[in-house]
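Inspection log for the structure reproduced underneath, given as structure tokens.
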Amino acid sequence: MNPPRRGTPDFLLLFLTFVLVCFGLAMVFSASSMTSAYRWDDPWYFTKKQLIAVGLGSVGMFFCMNLHYTKLKKLVIPAFFAIVVMLVLVIFTSKSNGAASWFNVGKFGIQPTEFAKLIVILYLASLISNKEEKFRNFKKGLLPALVIVGFVSMLIMLQPDLGSCMILLVCSTIVIIVGGSNLKHIFLLGTGLVAIGTMVITLYLLKNNASEASSYRVNRLTSFLDPWADTSDTGYQVVQSLFAFGHGGLVGAGFGQGIQKLHYLPEAHNDFIFAIIGEEFGFIGSSLFILIFLLFIWRGILVAVRSPDMFGMVAGVGIMSIFAFQAVINIGGVTGSIPLTGVTLPFISAGGSSMMVSLISMGILLSISREQTNKEVAKPKKRPNRFQ
């Protein structure tokens, strides 16, 4: 007997992913071409690297899209142990901008933290779907999940990478709540974590005031409160970003016509690429981009909640929460609304690891969407009754 035929992937979600990836490639070229031509004598330097990441990520996306998502449960535990080893090893690599977050492989870099966020979400989804009603029990359900999230978060903070740690903690909390954890346990635990977190951050700030490098990171983190107080140092990036939005105005300067990317705004092709979008496409273009991204998030969540089982639903919601929260942190930091933590904008910022993980994540979502149309595809057509 032949296995039932799977349904088709969600076309709108696949189309929106394609649109975001193509727009991201165009913006990476626009934001980096001048700098790349000056430093490496090749205006396509970063765009080529991003294209390679898109190619590898697309292979991963189509593989996951054609793999039944429930089979990922068997791969989660080995993948989790592999990423823990990588997170431990990366701490001992050489630091860049005060953090040890990368493995250098030739001209390319691998950032284990990007893979860790996805793997932890899948691990939690597998744990919750296996526990089912037992997950509401604190010792048998919630506590193991907290140990896993806390352990990985500690490894990420040892790099240190505050932005990724925040994303992991928030998205893991969303997954735990969606998975059916006892809300009373969540509330009591959350209250305790807020108190402990406040104390730890206070001690961290006091301790690192003596260190020049650490003091700079702290001042850069808090500079969003008044970036104009130090426009030449800790507030420089945010101020230049705001200049970009101001230059863009309502309709923008035009694609490729921005000036802040010309050695004024550091990391214009990476952390601050939304500022380049604002400068070249203006308020209208930036708003249109945000609306498309919101449509992408809404469609992904819709696919997740329609999943036929708990694992697919929880994993899907967790994946889309990573995209949503990461975009909020990036756009909020670039606009000076929240502290600047150096988080990439999904599908848009230059970053090979981020792009590959994003596309693999979409492959999992698209695999989930195929099961939603499976019943319609598998349902046999009624034969006409010739005797009527």
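Numbers for the structure displayed
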| item | result |
| --- | --- |
| Two-site label geometry, LYS71 and GLN257: point separation in nm, points 7 Å out along Cα→Cβ | 5.1 |
| Amide H contacts under 5 Å for ASN270, placed H, 5+ residues apart | ALA350 |
| Packing rank of 254-265, 132-143, where each peptide gets the mean count of other beta carbons within 10 Å, highest leading | 254-265, 132-143 |
| Simple label model, 7 Å out from Cα along Cβ direction - VAL85 to ILE290, nm | 4.4 |
| Most to least accessible of VAL170, VAL85 (protein chains only, probe 1.4 Å) | VAL85, VAL170 |
| Charge sum, other residues only, whose C-beta stays under 15 Å from ASN270's C-beta, Lys/Arg counted +1 and Asp/Glu -1 | -1 |
| Cα gyration tensor, the stretch 26-102 - rounded (a/c under 1.5), prolate or oblate | oblate |
| Three-way shape label, the stretch 284-342, alpha-carbon gyration tensor, a/c 1.5 | oblate |
| Net charge contributed by nearby residues that have their C-beta within less than 15 Å of GLN260 (K/R +1, D/E -1) | -3 |
| Leading residue at positive end of dipole, the stretch 106-195 (Cβ point charges), from LEU169, THR113, MET157 | LEU169 |
| Principal axis dimensions, largest first and in whole angstrom, of the stretch 232-309 by Cα | 53, 28, 17 |
| Residue-span extension gain [VAL194 to ASP309] - 0.36 nm each, minus C-alpha spacing | 38.1 nm |
| Length gained when the stretch LYS139-MET157 is fully extended (0.36 nm per residue, less Cα-Cα span) | 3.9 nm |
| At R0 = 35 Å, FRET efficiency that the Cβ-Cβ distance of PHE108 and LEU12 yields, to 0.05 | 0.60 |
| Residue-level accessible surface for ASP10, protein heavy atoms, 1.4 Å, Å² | 20 |
| Estimated vicinal HN-Hα couplings, Hz - the stretch 315-322 in sequence order (Karplus 6.51, -1.76, 1.60; Gly, Pro = x) | 4, x, 5, x, 5, 5, 5, 4 |
| Gyration tensor verdict on the stretch 1-55 (Cα atoms; rounded if a/c is under 1.5, prolate if a/b is larger than b/c, oblate otherwise) | oblate |
| Convex hull projection area averaged over all views, the stretch 250-381, Cα basis, nm² | 10.1 |
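The values are calculated or read from the model by the stated rules, or taken from the named source; none is laboratory data. Source: prediction; values computed, not measured. In this analysis, Cβ positions are derived from the backbone assuming ideal geometry, glycine residues included, and neighbour counts consider all displayed protein chains. Quick note on the areas: whole protein, heavy atoms, side chains included, nothing else; ligands and nucleic acids left out. Shrake-Rupley method; radii C 1.70, N 1.55, O 1.52, S 1.80 Å.
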